[in-house]
Number of protein chains: 2
Amino acid sequence: MIYSNSLIAIELHESTIPWLKIFTHTPHKEFSECSMEEKKMIWEAIDLIEKEMLSYFKPEKINIASFGNMLPRVHWHIMARFSHDSHFPEPMWGTKQREGSDQIAPIKPFLEELKKKLSVTFG
Amino acid sequence: MIYSNSLIAIELHESTIPWLKIFTHTPHKEFSECSMEEKKMIWEAIDLIEKEMLSYFKPEKINIASFGNMLPRVHWHIMARFSHDSHFPEPMWGTKQREGSDQIAPIKPFLEELKKKLSVTFG
């Protein structure tokens, strides 16, 4: 768990790339079933995380997705992608292209800074 | 092309499932680079399309994604997924599970109704 407030929780997804997940505390199957407050909180969190990932990791591209086919509960994935990562240019759910790269900046300082930014922004 | 206004364009993606794509007219690499007006328009369009897909197709789940690894330009995918579709429960970028289903309602009446709803909502 990286961050939690009254509406959402942000978790780290174990991966060879920087990959975070955002959940609503209240379970919803579809995103349109979320309250306006939950939707806005998620969009603002995605925006903040994307900007922080771009600034710190200098990735090739940010990927964002909400599937929930196996676990029918709204959650969002935000991933920093690199030309040398395990699946690029495929999505992380596609065909693996190569071994994961070790040329990605360490995630710990990023998470520390992100926690501070999230607390300042959302309380 | 299904719909276009001053900020976004909505297109049909050729597929065995109902699959729409939203582009901004102004090219941006990352979603956080979009203007607040573009972001809001996209979130509202995703919300409207999701609700219309749920109501018309009665799918198992809605999937939403923004990758852009091959085409580094912001665009969003919205897909209605069914337990019997070609890839379920995998994302459409994952491993194909079976032949595409022909048990999905025809898309034409859906698109006609969606066009009207988009015009009424966004002008």
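Each value in this text was obtained by applying a stated rule to the coordinates, not by laboratory testing. Predicted model only: the values in this text are computed from it and were never measured. Glycine also receives a Cβ, built like all others from the backbone with ideal geometry; neighbour counts cover every protein chain displayed.
Miscellaneous remarks
- With neighbours defined as other Cβ atoms within 10 Å of a residue's Cβ, the residues B:T16, A:T95 order from fewest to most as A:T95, B:T16.
- Counting only aspartates and glutamates at least 8 places from A:K61 when in the same chain, those with an alpha carbon closer than 15 Å to its own are A:D47, A:E50, A:E52, A:D85, A:E90, B:E30, B:E33.
- Taken along the Cα-to-beta-carbon direction at a fixed 7 Å, the label points for A:T26 and A:V120 span 3.0 nm.
- Above-threshold pairs, the threshold being 26 Å between Cα atoms, out of A:K51/B:K116; A:K21/A:K116; B:K58/B:K108; A:K21/B:K108: A:K51/B:K116; A:K21/B:K108
- With distances taken between every two different alpha-carbon atoms, the stretch A:69-123 has a Kirkwood hydrodynamic radius of 13.9 Å.
- Placed amide H near B:Y3: partners under 5 Å, 5+ positions off or other chain: B:I10
- Ascending count of other beta-carbon atoms within 10 Å, so fewest first, for B:I42, A:I107: A:I107, B:I42
- Peptide A:74-86 - average C-beta neighbours from other chains (10 Å radius): 1
- From helices alone, chain B scores -10500 deg cm²/dmol at 222 nm; the rule is -39500 (n - 2.57) for each run of n ≥ 4 DSSP H residues, then divide by the residue total.
- Karplus (6.51, -1.76, 1.60) ³J(HN,Hα), θ = phi - 60°, over the stretch A:49-65, in Hz, Gly and Pro reported as x: 5, 4, 4, 5, 5, 4, 5, 8, 8, 6, x, 5, 6, 9, 10, 10, 7
- Per-residue mean of C-beta atoms belonging to partner chains within 10 Å, peptide A:47-56: 2
- Gaussian network model of chain A, Cα within-10 Å springs - most flexible of A:L12, A:L48, A:L71: A:L71
- Residue-wise HN-Hα couplings along the stretch A:95-100, as the Karplus relation 6.51 cos²θ - 1.76 cosθ + 1.60 with θ = phi - 60° gives them from phi, are 7, 5, 9, 6, 5, x Hz; Gly and Pro carry x.
- Residues of chain B were split at every exposed loop site, defined as GluC sites (Glu not before Pro) in a DSSP loop with at most 12 other C-beta atoms within 10 angstrom, and the longest piece left, sites excluded, is B:15-98.
- Computed Kirkwood radius, in angstrom, where 1/r is averaged over Cα pairs of the protein assembly as shown: 18.7
- Neighbouring partner chain Cβ atoms per residue of A:34-44, average, 10 Å criterion: 1
- Count Lys and Arg as plus one, Asp and Glu as minus one, and take only other residues whose Cβ is under 15 Å from that of B:H84; the net charge is then 0.
- Cα convex hull of the stretch B:21-79 - mean projected area over all directions, nm²: 4.1
- Charge dipole of chain B (Cα centre as origin; +1 on each Lys and Arg Cβ, -1 on each Asp and Glu Cβ, all else neutral): 40 debye, rounded to the nearest 20.
- Mean projection area, nm², convex hull over Cα of the stretch A:3-122: 7.3
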